[in-house]
1. With every protein chain present, what accessible area does Arg2 have (1.4 Å probe, heavy atoms only), rounded to the nearest 10 Å²?
2. Separation of the range 1-45 and the range 75-131 by C-alpha centroid, Å?
3. Show me the ranking of peptides 40-53, 115-128 by mean Cβ neighbours inside 10 Å, starting with the highest.
4. How much length, in nm to one decimal, is gained on full extension between Ile69 and Asp39, taken as 0.36 nm per residue of separation minus their Cα-Cα distance?
5. Can you list the residues of the range 83-113 with backbone N under 16 Å from a point 7 Å past the Cα of Asp29, pointing along Cα to Cβ?
6. Report in % the part of the accessible area of the chain that belongs to carbon and sulfur, leaving out ligands and nucleic acids; probe 1.4 Å.
7. Sorted by average packing, counted as other Cβ atoms within 10 angstrom per residue and highest first, what order do 93-106, 67-80, 9-22 take?
8. For the pair Arg57/Leu145, report the inter-label distance in nm, with labels modelled 7 Å from Cα in the Cβ direction.
Amino acid sequence: MRIIITYGTFDLIHIGHLNLLERLANMGDKLVVGVSTDDFNLSKGKQCLYSFEERARIVGALQCVDIVIPESSWEQKEQDIQTYHADIFGMGDDWVGKFDHLAPACKIVYLPRTPTISTTELKRSLAKIDPVAIQKIKKGLDGVLDIVKALE
Ligand code: C2G
């Protein structure tokens, strides 16, 4: 049983996130995903549109994800790798080198990011849209979540 672990904010989850998660999932048998809590994001200087609960629920609804855990600190990774017996720690290559110190505990992989899409860019585009329209988009996404839940 090969276990993969990764971490992220996953706000306004998009194809770049999904590409990474599916590529990581295909490297093993089980994928554990640490989703950043709202407090941890603030320490990362990130203000999310979706709450931790919403981001964790969306990530957990993905077929390629097996376990979702809260990421509340930079330091928890070593312990998580032990707890979940992770064989591989993977991130997009915008993080290349940043987690090499974890190497004694498990294999480290950095996969190419999906170009031309990022949450920051999405937020910039959304900011140009009328706030009422944003609420309609969010309402629509909430409806999609309800359908996913009903299909579970
Ligand atoms: N990613 C990607 N392609 C994109 C955007 C993101 O492959 N176009 C990857 C990132 O490299 C990261 C993962 O998707 O591995 C999650 O990205 P974010 O939600 O932006 O997470 P981040 O803020 O980088 O937080 O302790 C690690 C941090 O929690 C990572």
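1. Solvent-accessible area, nearest 10 Å²: 120 Å².
2. One Cα centre to the other: 6 Å.
3. Working: 40-53: 14.3, 115-128: 11.9.
Ranked from most to least packed, the peptides come out as 40-53, 115-128.
4. Numbers: separation 30, 0.36 × 30 = 10.80 nm, distance 1.46 nm.
Computed gain between Ile69 and Asp39 is 9.3 nm.
5. 84-88
6. On the way: 5050 of 8750 Å².
That fraction is 58 percent.
7. Going by the mean number of other Cβ atoms within 10 Å, highest first, we get 9-22, 67-80, 93-106.
8. Output for this residue pair reads 0.4 nm.
The values are calculated or read from the model by the stated rules, or taken from the named source; none is laboratory data. Remember, it's a predicted structure, so these values are computed and weren't measured experimentally. Cβ sites come from the backbone with ideal geometry, for glycine too, and all protein chains shown count toward neighbours. Just the protein is used for accessible areas: all its heavy atoms, side chains included, with ligands, DNA and RNA removed. Shrake-Rupley method; radii C 1.70, N 1.55, O 1.52, S 1.80 Å.
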